[in-house]
Amino acid sequence: MKEFHKIRRQAAISAASASFTCVECDMELPRLRLLDEHMLKVHGGPACVVCKRRYKTRHELRRHQLRHNSERNVECSHPGCGKRFFTNRHMRNHTKVHTQEKNFVCENCGYSCRNKETLRVHIRSHTGERPFGCTVCDKRFPSHSGLREHMAMHSTDRPFVCNVCDATFSRQKGLYHHKFLHTDTKQFVCKLCGNAYAQAAGLAGHMRKHRSEGQNGAS
């Protein structure tokens, strides 16, 4: 509970100042320009998450990272996963999600996860804290990974290609969920009636029918 209250206080401060958070040292600055100056002066500029090369501006970094999008050649060997990574080290770190116990529990709702940082990001769903801001459309996110996925939507580059039907996607997650269309795997299950769907969108449409039927029954 102490951790929850601590993050809630931090969220209130962040919301009041509309701050921008440095992804390297968690320092918060009130304006994006000051964050850029901080990144260049203190850290040598923003760094590529793949090769660690640093650039003077975020624009230069984004152009560089587009080159890496098609380089995810290492696939997770866990059955049914299919996620791909740039290096074996990244893949090995990922495989821990399939083996580690979920020992970190949210005291607010009971959600459990495998590490403290994931729990910290989850708690932000209760506090409303979104410290990571998009520099293109001003949308904000509770995690740096969420911001990275969102930034891919602003790019016209679609490097992730389905090897069955050649459909292309700007994000790996889009390709991952699309591939279920080509299999018998239906991982999205309705908790009300047990119907299962290959994609989250299918389950969402199904749930709308449940809500509509409930409203009609109540009228």
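Would you mind classifying the range 2-154 by shape? Square roots of the alpha carbon gyration tensor eigenvalues, ordered a ≥ b ≥ c; an a/c under 1.5 is rounded, otherwise it is prolate if a/b is larger than b/c and oblate if not.
Numbers: a/c = 2.07, a/b = 1.03, b/c = 2.02.
Judged from the Cα gyration tensor, the range 2-154 comes out oblate (a/c at least 1.5, b/c at or above a/b).
Please arrange ASP36, ASP26 by counting, for each residue, the other beta carbons lying within 10 Å of its beta carbon, fewest first. List each step's numbers first, then the result.
Details: ASP36 18, ASP26 9.
In order of increasing Cβ crowding within 10 Å: ASP26, ASP36.
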Exercise. Straight distance only, please: which aspartates and glutamates reach the Cα of LYS56 with their own Cα at less than 16 Å, same-chain residues fewer than 8 apart left out?
Key: GLU24, ASP36, GLU37
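With a cut-off of at most 15 other beta carbons within 10 Å, and DSSP calling the residue loop, which GluC sites (Glu not before Pro) in the range 58-100 qualify? Please list them. It would help to have the intermediate numbers written out before the result.
On the way: sites: GLU60, GLU71, GLU75; in loops: GLU71.
Within the range 58-100, the qualifying GluC sites (Glu not before Pro) (loop, at most 15 other Cβ atoms within 10 Å) are GLU71.
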Quiz item: With springs only between Cα atoms under 10 Å, which of ALA200, ALA152, ALA47 fluctuates most in a Gaussian network model of the chain?
Solution: ALA200
Quiz prompt | Under 29 Å from the Cα of LYS83 - lysines, other chains or at least 8 residues apart | solution = LYS52, LYS96, LYS102, LYS116, LYS139, LYS173, LYS179, LYS186, LYS191
Self-check item: Calculated [θ] (222 nm, deg cm²/dmol) that DSSP helices of n ≥ 4 give over the chain, each run adding -39,500 (n - 2.57)
Solution: -12500 deg cm²/dmol
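Quick one: pull the percentage of alpha-carbon pairs in the range 95-167 with a separation above 19 Å. Mind showing how you got there, number by number?
Details: 1427 of 2628 pairs.
Beyond 19 Å sits 54 percent of the P(r) for the range 95-167.
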Quiz item: Non-local amide H neighbours of PHE188 (under 5 Å, H modeled in plane, Pro and chain starts lacking H): which ones?
Solution: TYR197
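How high is the relative contact order of the range 2-154? Use alpha-carbon pairs under 8 Å, at least six apart in sequence, and give a whole percent.
Numbers: 171 pairs, mean separation 27.2, N = 153.
Dividing the mean separation by the residue count of the range 2-154 yields 18 percent.
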Exercise. Please list, in chain and number order, the residues 5+ apart from GLY82 or on another chain whose amide H is under 5 Å from its amide H, with Hs placed from the backbone.
Key: CYS76
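The numbers here are math on the coordinates, done by the rules we state, and not lab data. Since this is a predicted model, take the numbers as computed values, not measurements. Cβ: placed from backbone, ideal geometry, glycine included. Neighbour counts: every protein chain shown.
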